[in-house]
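Here the structure is laid out as structure tokens; the discussion comes afterwards.
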Amino acid sequence: MDLRPLARGVYACLQPDNGLGTSNSGLIDRGGGLVVDTFWDLPHTRRLIATYERVRRDPVRRVVNTHHNGDHCWGNQLFPGAEIIGHRNCAAAFGRERPEAMQALRSGAGSGDPTLETFARLLADWDFRGIELTPPTTLVDDRLVLDLDGIAVHLLYVGPAHTSGDVVVHLPAEKIVFAGDVLFRLCTPIGWDGTTARWIRALDEIVELAPDVIVPGHGPLCGVEGAREMQAYLRYVESEAKRFHAAGLTPLDAARRLDLGPYATWTEPERVLFQIERVYRELRGEPYDAPLPVNALFRDMITLRRERRGDA
Ligand SMILES: [Zn+2]
């Protein structure tokens, strides 16, 4: 794990992009300490804590979850006594994904089903045992402003973009934004509840904050060009998906046809299937939070991965 000083008392902890779940976190070492996002399992979160202990010995008083996906909050229980802060919709969606279900998938090797075998391999670095879901109890609606002993921390609601509970953490004086999964950098985004237009708008809202540094939910640090590039990706996939929808293609066939162009080098390109499905959901006139067919999407995504790579 890579600890990066960003400003006086402000750090990012970046995980190398090893695919599914390798998210980033932040530490503000002032005013009792605040951590932005924990990791997907307890072993990785213990390593996160050990990494932060290189610069801060005392336990932090606050944890902010940018949204409810497990790779940003399933380590919350390792911050006992900390105030857990998140958007109201983040707290409401907590538990929609279950650690036991992920552990069962991770243990799926040897099942004989090639999709399950591949999925188990993708999860091999993770251990979801022992996780007790610890949702936010301090809830954000539109915004919450904290003063950490002189560092102003603004929690801003920008959803529903990647999920219905997306919060970004803005440090105006330091010109830093912790974007959560509103921004994926050089890796292919997956979105859940939200619309393409709202996601593009949320990225605009980040750009309008004029940060010097953005810590994305996944991938390396960037500036506003990272947000701009992801907007271009979303616009491109949307226009292509509309064309394929009009031609009657299934999302899987649309993903097979879609030429990713410059985005083909982003990691996990097969995740484009999720974005195509979200566009199709909008074209069907369904609400932004209509459940995605998650199991079928993962199955088709792994099919795509195997087709593209010629391997598992
Ligand atoms: Zn994530």
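If you check His44, His68 for being within 21 Å of Arg129 (Cα to Cα), of a type outside the set (A, V, I, L, M, F, W, C) and not in a loop (DSSP other than H, G, I, E, B), only one passes: His44.
So that you can scan it fast, the table gives a plain yes or no per residue for (1) of a type in the set (Ser, Thr, Tyr); (2) assigned to a strand (DSSP E or B); (3) within 23 Å of Glu270 (Cα to Cα):
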| site | (1), (2), (3) |
| --- | --- |
| Trp40 | no, no, yes |
| Arg57 | no, no, no |
| Val63 | no, yes, no |
| Gly86 | no, yes, no |
| Ala92 | no, no, no |
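Suppose the filter is surrounded by 21 or more Cβ atoms within 10 Å (Cβ to Cβ) and in contact (Cβ under 8 Å) with a residue 12 or more places away in the chain; does Ala227 pass it? Reasoning before the result, please.
On the way: surrounded by 21 or more Cβ atoms within 10 Å (Cβ to Cβ): yes; in contact (Cβ under 8 Å) with a residue 12 or more places away in the chain: yes.
Here the answer is yes, as Ala227 does meet what is asked.
Check whether at least one residue in the range 137-158 is closer than 23 Å to Arg47 by Cβ and either outside any helix (DSSP H, G or I) or of a type outside the set (A, V, I, L, M, F, W, C) (or both), and report yes or no.
Going through the range 137-158, the residues closer than 23 Å to Arg47 by Cβ turn out to be none.
There is no residue in the range 137-158 that is closer than 23 Å to Arg47 by Cβ and either outside any helix (DSSP H, G or I) or of a type outside the set (A, V, I, L, M, F, W, C) (or both).
Please enumerate the residues belonging to the range 270-306 that are under 15 Å from Arg243 (Cα atoms), of a type outside the set (Val, Ile, Thr) and either free of Cβ contacts under 8 Å to residues at least 40 places away in the same chain or part of a loop (DSSP other than H, G, I, E, B) (or both). Hits for the range 270-306 are Leu273, Glu277, Tyr280, Arg281, Arg284.
Of the candidates Pro220, Pro211, Pro189, the single residue that is more than 16 Å from the ligand (Cβ to nearest atom), modelled with pLDDT of 95 or more and either assigned to a loop (DSSP other than H, G, I, E, B) or crowded, with 17+ Cβ neighbours inside 10 Å (or both) is Pro211.
The set of residues from the range 59-115 being under 19 Å from Arg47 (Cα atoms), of a type in the set (A, V, I, L, M, F, W, C) and within 16 Å of the ligand (Cβ to nearest atom) comprises Val63, Val64, Cys73, Trp74. Here Val153 clears all of (1) within 16 Å of the ligand (Cβ to nearest atom); (2) crowded, with 23+ Cβ neighbours inside 10 Å; (3) modelled with pLDDT of 95 or more; (4) of a type outside the set (Ser, Thr, Tyr) except the condition numbered (1). Taking each residue of the range 180-200 that is within 17 Å of Gly86 (Cα to Cα) and in contact (Cβ under 8 Å) with a residue 12 or more places away in the chain and looking for partners that are within 12 Å of the ligand (Cβ to nearest atom) and assigned to a helix (DSSP H, G or I) with beta-carbon atoms closer than 7 Å, six or more apart or interchain, yields Gly180/His72.
Yes or no, residue by residue, for (1) in contact with a helix residue (DSSP H, G or I) (Cβ under 7 Å, 6 or more places away or on another chain); (2) surrounded by 24 or more Cβ atoms within 10 Å (Cβ to Cβ); (3) modelled with pLDDT under 95:
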| site | (1), (2), (3) |
| --- | --- |
| Leu14 | no, no, no |
| Gly19 | yes, no, yes |
| Asp29 | no, no, no |
| Asp41 | no, yes, no |
| His68 | yes, yes, no |
| Asp71 | no, yes, no |
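The values are calculated or read from the model by the stated rules, or taken from the named source; none is laboratory data. The model shown is predicted, which means the values in this text are computed figures rather than measured ones. Counting neighbours? That spans all protein chains shown, and the Cβs are built from the backbone with ideal geometry, glycine included.
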